Amino acid sequence: MTPPVVLNTGRLPADLLQLLAARYTLHDLATLPDAAARSAWLARHGAQVQAVVTSASTGLDEATLAALPALRVISSFGVGLDKLPVAAARARGIAVGYTPDVLNDCVADLGFALLLDVARSLSAADRFVRRGDWTRGAFGLTRKVSGARLGLVGLGRIGRSIAERATGFRMDIRYHSRRAVADVAWRHEPVLTELARWADYLVVITAGGPETRHLVNAGVLDALGPDGFLVNVARGSVVDEAALLAALQQRRIAGAGLDVYDDEPRVPEAFFALDNVVLAPHIASATRETRQAMADRVAENLAAFFERGQLVSAA
């Protein structure tokens, strides 16, 4: 039997691409030099493609989707769906797979690490020691985390994992989402500004996309106030980056820990001069164990679809 034709459009681990190449007829659109070359390839070969593999950061645009009339399944490396044409795919009966659950722990770990770092000024303290400033005086006082108030913007799989970690710090936990979650003890706050006003630490872990763009805006940041901290491990688009930068510069919030940005990998240079923000290069899921599990799930989704017509993890 002729193996299915699979097209890669994302930045995927080399080991995963080698595995897919051994199982399928794999073509890598990402290796072509420019948009014109990609369009030419799709015009010649697009009708043969039965599956697409991609990453959450790259996704799949609707023009490419339209150029793949025989497409049956999309398997994405990551949990973000905002760059995938999910509605258009479903309308054509195309299955969409992704990699939830396997990255919950590592994203939650980094989210809490950013919270601890910005609260206790660990990165700033490291720079203080390296500059030799300790010989000229003591480092300033920081903020306590244990027993503080934690507000979660979103309570999906990862949000729950962050909340579980926070219980070990005896934190008071509330969350904001469109609907209350039935099986949790934590209090639902339907108004985001009210959650921000209550919280010492506001952690953003909600889905990206048009519906949540700039959900955290200047009003939310003002409600969080000069003693409040923001952590974003969701999508850069969820936070109004210009409003956040202004709030940090003017000390209208105490600080921020960021793993995601609006135009990655380009980060506004004005952030670099601030000691009250911790900047990570979108590494929440970037551990060897989790990235391997994500790669495995991409391959498992394809194998399950072609063998049984069902995905292991369907979006």
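Computed from the coordinates by the stated procedures, all read-outs in this text should not be read as laboratory data. It should be emphasised that the depicted structure is a prediction, and the values quoted were computed from it without experimental measurement. As a convention, Cβ positions derive from the backbone with ideal geometry for all residues, glycine included, and neighbour counts pool all protein chains shown.
Worth a mention:
- Look at I283, I173 and count the other Cβ atoms within 10 Å of each Cβ; fewest to most, that gives I283, I173.
- Region 288-315 versus region 6-23: alpha-carbon centroid distance in Å: 13
- 0 to 90° range, to nearest 10: angle between helix 104-120 axis and the chain longest Cα axis: 30
- Quarter of the Cα convex hull surface for the chain, i.e. its orientation-mean projected area (nm²): 18.3
- A prolate overall shape is assigned to region 104-279, the ratio a/c of its alpha-carbon gyration tensor axes (a ≥ b ≥ c) being 1.5 or greater and a/b exceeding b/c.
- Amide H contacts of V277: A256, each under 5 Å away and 5 or more positions distant or on a separate chain (H built 1.01 Å from N in the peptide plane; Pro and chain starts excluded).
- Long-range HN-HN contacts of I74 with modeled amide H, under 5 Å: V52, A95, V96, G97
- Label-to-label distance, A35 versus R187, with points set 7 angstrom from Cα along the beta-carbon direction: 5.0 nm.
- The 3J(HN,Hα) values that the Karplus relation (6.51, -1.76, 1.60; θ = phi - 60°) gives for region 4-10 are, in residue order, x, 8, 10, 10, 9, 10, x Hz. Gly and Pro appear as x.
- With K and R counted +1 and D and E -1, the other residues having a Cβ less than 10 Å from that of V145 yield a net charge of +3.
- Axis of helix 157-167 versus longest Cα principal axis of the chain: the two differ by about 30°, to the nearest ten degrees.
- R0 of 41 Å, Cβ-Cβ distance E62-R143: FRET efficiency to nearest 0.05: 0.35
- Hz values of 3J(HN,Hα) by residue in region 43-58 - Karplus curve (6.51, -1.76, 1.60), Gly and Pro given as x: 5, 7, 10, x, 5, 8, 6, 9, 9, 10, 10, 7, 10, 4, 6, 9
- Descending principal axes extents, region 228-315, alpha-carbon based, whole Å: 57, 24, 23
- For region 89-136, the gyration tensor built on C-alpha atoms gives a prolate shape. Its axis ratio a/c (a ≥ b ≥ c) is at least 1.5, and a/b is the larger of a/b and b/c.
- Per-residue ellipticity at 222 nm, computed for the chain from helices alone with -39500 (n - 2.57) per DSSP H run of at least four residues, works out to -10500 deg cm²/dmol.
- Computed over neighbours whose Cβ is under 12 Å from that of L110, the net charge equals -3, Lys and Arg +1, Asp and Glu -1.
- Overall dimensions of region 24-168 as given by Cα atoms, namely Rg and Dmax in Å: 22.8, 69
- Of all DSSP beta bridges in region 151-280, antiparallel share, percent nearest 5: 5
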